[in-house]
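Have a look at the structure below, then the notes.
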Amino acid sequence: MQRKVLTAAIVVMTAGIWVAAWHAAAFTVSIVAELDRAATLTAIAPRAQTTIVFDRAGRPAFSFFVEQRSDVPLARVSRHMVDAVLAVEDRRFYSHHGIDPIRVLGAAYRNVRAGRIVQGGSTITQQLARAAQLTPERTYHRKIREILIAGRLEERYSKSQILEEYLNTVYFGEGYYGVEAAARGYFGKPAADLAVPEAALLAALVRSPSNDAPCTAPKRATARRNLVLRLMRQQGKITDGDLQAALAAPIPDASHQTAAGRYASNETGMYFQEEVRRQLVSMFGADRVLRGGLRVYSTYDPALQHEAERAVTSRIAQIVKMRPRARDLQGSLVSMDPETGDVLALVGGRDFEASSFNRATQARRQAGSAFKPIIYAAALERGYAPGTLLRDLDAPISAVGPSGVWLPSGEHERSEYTVRRALKVSSNRAAAQLLQQVGVSTAVHYAQRLGIDSELPQVPSLALGTGEVTLLELTAAYSAFATSGMVARPRLITRVEDPEGRTIWFAPEQRTQAISATTAYLMSSMLSDVVSSGTAANARVAGFSLPAAGKTGTTDEYADAWFIGYTPHLLTGVWFGLDRPAPIMRGGFGGVVAVPAWAQFMRQATKGAKADWYAAPADVERVAICRLTGVRATEACRHQDAAAAASVPTLVDAVYPAAQPETPTEPAEPPVYEDLFQVGSIPPDTCPIHGVAASPVASAEPSSATPLVDAAIRPASVISPGAAIRTGTRLFVEKVTGDDGLIRYVVKQR
Ligand SMILES: [Zn+2]
């Protein structure tokens, strides 16, 4: 039995060895043929190919490529440069034949001891051979090709020819290929003039130019440069005095020019382009993006980008004209398709040439009230409805901070608001109470479900938007309100192909159900009030007329002005502020500073679009509520005792004043209101005070697919069991359970 197994094993192994040998032979033949076709060194190391980025219509929009290389003969490269590169990359360069067995074994030993790859075993000849292969796979095939080509190079060319080609090809980071471009880029001098510490820094960059770049990782860059200097000393290339002087020399700071920052393109879309480049580099490495000839399919919409940039820069110009002290004002804008998450336009600042820092994707700022919809959505998920009345808003929140209590202040705070009205006027106390009721950790959980990746503080002031978020993530969170509760991950790149047209990367739409479709509908209903007559009414003043919803945000001292708003088909967020947070201007509310820019962009972006809005889900009902008792109204509730209403000041809905958007007029409070409720949250009782035997009032009109206009909806209230209910008058109602177990409502006078 054992013998049979052994025989079978030997047969299988022999067959395996023959197959492997045949493969190896065929492979070697193909490499040699390939090598023989390459007549010269420069053909071995192919010239860079341009990476092209296409817009959403498939037209070329941007390109990434290496600047024309400036090759120099070895005689015009500083001796220190040659010494430094050989010291760290290939000290036995002049004695080996393409492969350095001592180096390979030494590297393997060190890697095993370190448990990771700390040193590569490749000679300069091998590295040059590797540059000939742009395929990304790190396979043994690739390694064998590399060794075979290296051997051929050594046979065919002199050591100085190989070294010269290497120095003119190698990547030094920041878009610099070749020693001449790197010397001029980092130090502003030709490669012939490189001093010892400069040469050592460039040699240090060869191993990992992106990770060790002096402007992004100065400590790592310095440490690695000093290692090169010590190796040069060990190998007798420099004196002790040279070493000490070089160790003390500074490395270049971030002010030097990066070749990667210069593109051939028109002026539009620089921030979009830079964000695409950053994402590509993190996926494929700078080398492949700048030389690999990738075909990149993006979500870029050039026409919308143009409008977006105009909206931001013209709004900044208007504000600076009014408030010259705000001359450094910055702005950003993100516009996306809420269904797919496709980012159509991205503005990261007023001027890319002046500052490439992207304020839409990189800046984390407090969101102010623009964060409140996330708290409200969590509350609706937990059984609150737009018509729910929030009471005792003037009561401090307990157990907060060292003082033990907290009562947020705001532009206008009353002791009670319906949920709808509180969101419309952006009441801080209502948001704080809702957050307390829902729980901070639950609210943070919902924020994460809605795609907020930034870390949020688990504190009561989160209700006022003290968490710091990016414009992109906050805007994307609103996509759930815009599309039946499905939150979309923003994307700029949909697909990447290699030069042969093979898809090497693909980004599917990423959508997850973050909140229920009913919550999303109710949020849109409430947020449409903000645009039609709330803090964002300036959108209507600016002439944007399509049905839309959104929320403004303003932070302490008017340091940030936000507006995130949407139609069912286009979602756009805008932010304005100074890079170092400071007041934009007195009264610089989101509704004043940000909304006009949003409206200008949206007007252009939706030109010719038809008015569209959401159909109400089946489980949403409009219910008439008696304000006094907070339960379903009877016909009699509409004709309440005049005395009860007399003390309530009667105001008329006025045209919203454009200059003071955060202080809208308070409408009258009729005794009966209608608002939307999810079926499960409708108060079950009818009003016990007015007309006991009367039947409930039928809702005036069924839910419809048209946007809810504020004038048609009045705040409603629900009774909280056992709680005392105060009204705006001196009357109040108490729900009491008698000894007989029956519930009674008692009207009392204060
Ligand atoms: Zn009533």
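The values are calculated or read from the model by the stated rules, or taken from the named source; none is laboratory data. As the structure is a computational prediction, the values presented were derived from the model and not from experiment. Neighbour counts are summed over all protein chains in view; Cβ atoms, including those assigned to glycine, are modelled from backbone coordinates with ideal geometry.
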Within the range 380-393, the residues that are assigned to a helix (DSSP H, G or I) and buried (at least 24 other Cβ atoms within 10 Å of the Cβ) are Leu380
Find the residue count for the range 603-637, including only residues that are closer than 12 Å to Asp685 by Cα and polar (S, T, N, Q).
-> 2
Sort out for me the helices (runs of 4 or more DSSP H) sitting completely within the range 163-238 that have 1 or more residues that are out of contact with any Gly (no Cβ under 9 Å at 6 or more places or on another chain) and surrounded by fewer than 22 Cβ atoms within 10 Å (Cβ to Cβ).
-> 179-187, 218-234
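Can you go through Val648, Val631 and tell me which one is touching a Gly at 6+ places or on another chain (Cβ under 6 Å), at pLDDT below 85 and within 16 Å of the ligand (Cβ to nearest atom)?
Among Val648, Val631, only Val648 is touching a Gly at 6+ places or on another chain (Cβ under 6 Å), at pLDDT below 85 and within 16 Å of the ligand (Cβ to nearest atom).
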Provide a single number: the residues in the range 538-557 that are of a type outside the set (S, T, N, Q) and closer than 19 Å to Tyr478 by Cα.
-> 8
Before we move on, is Thr554 touching a strand residue (DSSP E or B) at 6+ places or on another chain (Cβ under 8 Å), polar (S, T, N, Q) and buried (at least 24 other Cβ atoms within 10 Å of the Cβ)?
-> yes
Considering only the range 473-487, state which residues are out of contact with any Pro (no Cβ under 6 Å at 6 or more places or on another chain) and of a type outside the set (Ser, Thr, Tyr).
-> Glu473, Leu474, Ala477, Ala480, Phe481, Gly485, Met486, Val487
List pairs: first in the range 613-634 and among the small types (Gly, Ala, Ser), second within 8 Å of the ligand (Cβ to nearest atom), Cβ under 6 Å, 6+ apart or cross-chain?
-> Ala624/Ala633; Ala624/Val672; Ala633/Cys626; Ala633/Val672; Ala633/Cys687
Checking Thr519, Thr512 in turn, the sole residue that is farther than 19 Å from His569 by Cβ, touching a residue at least 40 places away in the same chain (Cβ under 8 Å) and part of a helix (DSSP H, G or I) turns out to be Thr519
Determine whether Arg622 is crowded, with 24+ Cβ neighbours inside 10 Å and among the basic types (Lys, Arg).
-> no
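Residue by residue, here is whether (1) part of a helix (DSSP H, G or I); (2) surrounded by 16 or more Cβ atoms within 10 Å (Cβ to Cβ) holds:
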residue: Phe544; (1), (2): no, yes
residue: Ala561; (1), (2): no, yes
residue: Arg580; (1), (2): no, no
residue: Gly588; (1), (2): no, yes
residue: Val592; (1), (2): yes, yes
residue: Trp613; (1), (2): no, yes
residue: Ala616; (1), (2): no, yes
Restricting the first residue to the range 157-175 and requiring it to be within 30 Å of Thr216 (Cα to Cα), which pairs with a second residue that is acidic (Asp, Glu) meet a Cβ separation below 8 Å and a spacing of at least six or different chains?
-> Asn168/Asp71; Asn168/Glu180; Tyr171/Asp287; Gly173/Asp212; Gly175/Glu67
